[in-house]
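Encoded as structure tokens, the structure appears first; notes follow it.
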Amino acid sequence: MNRAAADLGFARLKNPFMPASGCFGWGREYSRLFALDTLGAVVTKAVTPEPRRGNPGPRLAETPAGMLNAIGLENSGLEGALRDDLPWLQGQGVPILVNVAGRTPEEYARVAEALADQDLLGLELNLSCPNVREGGIAFGVDPDLVYALVSRVGEVCPLPLVVKLTPNLADIVEPALAAQAAGARALTLINTLRGLAIDSKKRRPLLGNISGGLSGPAIKPVALYQVWQAYRAVSIPIIGCGGIAGVEDALEFLLAGAAALQVGSAAFANPLVLPQLVRGLADWLVTNDTTVSELVGEAHRGREV
Ligand SMILES: Cc1cc2nc3c(=O)[nH]c(=O)nc-3n(C[C@H](O)[C@H](O)[C@H](O)COP(=O)(O)O)c2cc1C
């Protein structure tokens, strides 16, 4: 019996662990440290229709319990992904979620259509991107936009769609329900929280982009709460993300309702954190005679979902 198997509904993974988008590249560097097929899946860096150079520097800032980044979706574009990165990753024997980003629903649809016949676990739609048509608000804050975008992508791409919402809003439930209604097969919660760092010597914002996305241990309670809230509202699986660095963190997300788990910032501090988590959770499951499936959502037991 594989106690660690993670059920995403549309697929069963050998364990719940995958890197969070943007924190692992396409896995080339990490593949020199460990076999990527030890992971449940790999999530790629965002792919946009055209190459993007990203934001001006500085693009990273340390914070007391995490980091701020303003990378700005730097990537080599759809053509580069299809030519160089995807064929390499497809040779590693690990299920792949390609993270997709864009400025309009049509840009998402363009990338999704081009990937539609690829051998992939699915697409992860990053809805934290600003929508150029709606004055720069993130797609994910507006349930109508979420519905329209996910439906549009579904029209051109039969692959399972995992929708990564933005946490920068008052209530995750409405956009989560909109994603589900539009055909999302799973949700990823959460992306980074918007934040700011000031360089007191220069008396200016520290990041070239002024604001950045906060990640790491500081955001874990926010992420756990959004996973908890969404679990009570939707019937599709949730992939939990935000500050996971140890087995204890992983357990907390599973208990709150996450069916699988992503690890981002922790991999910058410890590049071996993912295989260590795979082993650590497997040992914990044996010691405690339980399975991932039994743990998912268990903290809700006794409370009506
Ligand atoms: C340097 C960096 C780059 C990121 N790039 C992306 C990206 O391209 N697409 C995306 O959906 N999320 C991106 N994220 C967000 C992460 O995937 C993740 O949601 C967030 O960092 C929270 O997880 P963590 O606390 O484990 O880092 C990025 C995060 C970091 C730190």
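Since every read-out is calculated from the coordinates, none of them should be taken as a lab result. Computed from a predicted model, the values in this text were never measured in an experiment. Heads up, the Cβs are rebuilt from the backbone with ideal geometry, glycines too, and the neighbour counts pull from every protein chain shown.
For the reader, a short list of remarks on this structure follows.
- Between R204 and N2, the simple label model (points 7 Å from Cα in the Cβ direction) yields a spacing of 5.2 nm.
- Over the stretch 6-300, relative contact order from alpha-carbon pairs under 8 Å, at least 6 apart, %: 19 percent
- Alpha carbon convex hull of the chain, volume per residue in cubic angstrom: 129 Å³
- Dividing the convex hull volume of the alpha-carbon atoms in the stretch 26-104 by its residue count gives 130 Å³ per residue.
- Charged-residue dipole, Cβ positions (Lys, Arg, Asp, Glu), the chain about Cα centre, Debye nearest 20: 820 debye
- Helical contribution to [θ] at 222 nm, DSSP H n ≥ 4, -39,500 (n - 2.57), averaged over the chain, rounded to 500: -8500 deg cm²/dmol
- Hydrodynamic analysis of the stretch 12-68 uses the Kirkwood radius over alpha carbon pairs. Inserted into Stokes-Einstein at 4 °C and 1.567 mPa s, it gives a translational diffusion coefficient of 95 µm²/s.
- Whole-angstrom gap from the stretch 86-127 to the stretch 192-231, using each part's C-alpha centre: 26 Å
- Remark on the stretch 40-179: ratio of C-alpha radius of gyration to 2.2 N^0.38 Å is 1.06.
- Sites R83 and N270, calculated FRET efficiency, Cβ-Cβ separation with R0 45 Å, nearest 0.05: 0.90
- Kirkwood analysis of the stretch 202-305, using all unique Cα-Cα pairs, places the hydrodynamic radius at 14.9 Å.
- Computed over all pairs of different Cα atoms, the Kirkwood value for the hydrodynamic radius of the stretch 100-239 is 15.7 Å.
- A straight line joining the Cα centroids of the stretch 237-305 and the stretch 6-50 runs 16 Å.
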